[in-house]
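Since the structure comes first, as structure tokens, the remarks are kept for the end.
The values are calculated or read from the model by the stated rules, or taken from the named source; none is laboratory data. A quick note: this is a predicted structure, and the numbers were derived from the prediction, not measured. All Cβ positions, glycine included, derive from the backbone under ideal geometry; neighbour counts span all protein chains shown. The area values use the complete protein model at the heavy-atom level, side chains included, leaving out ligands, DNA and RNA. Shrake-Rupley method; radii C 1.70, N 1.55, O 1.52, S 1.80 Å.
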Amino acid sequence: MHDGLKQFLAAREFLLRAPSYEEMRRSFRWPDPVQFNWALDYFDEFARGNQAPALIMEDESGAETICGFDELRRRSNAMANYFKEQGLAKNDCLLLMMNNSLELFLALLAAIKIGAVVSPASVQLTPADIRDRMSRAKVRAVAAEASLLDETGELADVLRRAPLRFVNGGQRSGWLPLQHAGNCSERFDNPLPTFSTDPCLLYFTSGATAQPKMVLHSHVSYPVGHLVTMAWIGVRPGDLHYNISAPGWGKHAWSSFFAPWNAGATVCLRQYARFDARRTLEFIARRKITTLCAPPSAWRRFLLEDMSAYHFSLREIVSAGEPLNPAIINRVRQSTGITIREGYGQTETVLQIGAFPNMPGRAGAMGLAAPGFDVAVVGPDLLPAPPGVEGQIALRVSAARPLGLMKGYRCAREREDDVFVGGWYLTGDMAVCDQDGYFHFVGRNDDVFKCSDYRISPFEIESILLEHPAVVEAAVVASRDDVRNGFVPKAFLALRPGCETTAAMALDIFRFCRLRMALYKRPRRLQFMPELVKTTSGKLRRVELREHDERLRQHNRRGDLEFMESDFAAELHAGPAPEGGAAG
């Protein structure tokens, strides 16, 4: 056993056995291997001869696929040999544009084994998105779903530009079927060493910029860094773990790949064309899932069902991707008896802040700094802000760079200069830290805005709006107001099934806000939508909502189903109606 694996196993064992968060925080130290290949050094050694299920997948018809650890080891070896035989080599970039399937996990393991750089991509990306990625990432190989390769489609034309092309789930002219990997040897020898600093994963971040940033991770920053994510989830050997996240996003690697297999748990997945809350809850109960990670969008949909009617085997439930409103946490606790624990991280990092198992909860807080990270809220002067004072979440990198932080932004030194400043890595997220070290999320630096000289946190207003009995989703943005020569809060709202998007409902929500919010915080405009715009990973796309509203303001017109507080001046002046009066 070489030194890199010894260090990894020692850190893994410590986090699995640590009796408390305090002990993890006090005694955890990052491994520091010179050479390390997670798939070869750890996964294969753990999997050798291990017949326990590594992966359980169920499609919409109920048909299941079960693959044991040792089978996954052998078949990923065959896939690695197949990739090498076709010309994929160390440091080549492989674009993965695949749905959840056995082949996706085989391809991920195989690519790591040969030292290729994996660039996961959502199957919902446009041809323009893929063209940009293939050009800037210098993609050498593509592995894509057969369903994406319509011979007459623009996307297929773009993907065909890759020198090496692999197809999953069918055959296409000019493409190599991934299923042919089964003809290759299940013995894999990698003659080239993998150094811990070698590139491993390349993600494109979503955001408001014209060109998404290319986030580059090494062979330790995600594979080893997610030991801390494992500890936050509370996943343990033998658990049945389910993570609701689409491939192509960092969260999929977090909780459907590295964290559960670092623990030796079974990854459970549902394959579906469209998320169905009822069928997903049935799956969680029937499969006796023990640990669950889901984004806020899924939790909101779950609460449209009667969660108390299900017999769950859940021990730990967590949420990440964006902050979860306290009202949702309370309602899930009432229905299941379990408290959702929150976690905060980014594509650029593993878990930075979280509510760890058995940690005393604190209403409205994300949690405490994760083991291995020195996290602070810093002001414009880059000094830690006093408790209760808003600032930017930052990771200290001056004394020792935390292992669970990206290698850097590929081909974008100027962007690195924007975030690595004065001995800190600046996340771009605003928060307040209280006197006990708990972090309270305020919002993205881009999302926080001023109204009448007051700083507005969209998240704070959204949390109150979600307490209205008719509201299932809420997103607040800054809306230009020429009368006030500034901005006012505007809320985009999706209502529960059966609730009508009428003037009466808008009036009821305006009244609800007047009773619960300070004057400067109250939304002055409401716009109803069937469903709010989100990324495929479930994050609200406030930037698109801001752009939509700005177009309306530029043309001095209202959106469909948009209401102004001023429309109801007389009714609001007359006083409140009974609470929630229009919610039925």
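Results, tabulated for the structure shown:
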{"quantity": "Any hit, region 536-544, residues being over 15 Å from residue 493 (Cβ atoms), among the acidic types (Asp, Glu), surrounded by 15 or more Cβ atoms within 10 Å (Cβ to Cβ) and modelled with pLDDT of 90 or more", "calculated": "no"}
{"quantity": "Listing of strands (runs of 3 or more DSSP E) fully contained in region 292-355 that carry 2 or more residues being within 22 Å of the chain's Cα centre (by Cα), within 30 Å of residue 407 (Cβ to Cβ) and of a type in the set (A, V, I, L, M, F, W, C)", "calculated": "351-354"}
{"quantity": "Single residue of 321, 364, 372 found to be at positive phi, at pLDDT 95 or above and open to solvent by less than 60 Å² (accessible area, probe 1.4 Å)", "calculated": "372"}
{"quantity": "Cβ pairs under 9 Å, 6+ apart, first in region 382-393 and over 14 Å from residue 455 (Cβ atoms), second among the aromatic types (Phe, Trp, Tyr)", "calculated": "382/424; 393/344; 393/439; 393/441"}
{"quantity": "Spans of helices (runs of 4 or more DSSP H) in region 1-115 with at least 3 residues within 30 Å of residue 162 (Cα to Cα), under 25 Å from the mean Cα position of the chain (by Cα) and modelled with pLDDT of 95 or more", "calculated": "102-114"}
{"quantity": "Restricting region 461-481 to residues that are among the acidic types (Asp, Glu) and in contact (Cβ under 8 Å) with a residue 60 or more places away in the chain, the residue that is most open to solvent (accessible area, probe 1.4 Å)", "calculated": "467"}
{"quantity": "Residue pairs meeting the criteria (Cβ under 8 Å; at least 6 apart or on separate chains; first among the charged types (D, E, K, R), in region 12-30; second open to solvent by 50 Å² or more (accessible area, probe 1.4 Å))", "calculated": "none"}
{"quantity": "Residue selected from region 64-92 under the condition over 26 Å from residue 235 (Cβ atoms) and without any contact (Cβ under 8 Å) to a residue 40 or more places away in the chain, by the criterion surrounded by the most Cβ atoms within 10 Å (Cβ to Cβ)", "calculated": "84"}
{"quantity": "From 492, 487, residue being part of a strand (DSSP E or B) and open to solvent by 70 Å² or more (accessible area, probe 1.4 Å)", "calculated": "487"}
{"quantity": "Unique residue being more than 16 Å from the chain's Cα centre (by Cα), surrounded by 24 or more Cβ atoms within 10 Å (Cβ to Cβ), of a type in the set (A, V, I, L, M) and assigned to a helix (DSSP H, G or I) when the list is 231, 253, 259", "calculated": "231"}
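Yes/no per residue for (1) part of a helix (DSSP H, G or I); (2) at positive phi; (3) out of contact with any helix residue (DSSP H, G or I) (no Cβ under 7 Å at 6 or more places or on another chain):
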{"position": "124", "(1), (2), (3)": "no, no, yes"}
{"position": "131", "(1), (2), (3)": "yes, no, no"}
{"position": "135", "(1), (2), (3)": "yes, no, yes"}
{"position": "142", "(1), (2), (3)": "no, no, no"}
{"position": "155", "(1), (2), (3)": "yes, no, no"}
{"position": "161", "(1), (2), (3)": "no, no, no"}
{"position": "167", "(1), (2), (3)": "no, no, no"}
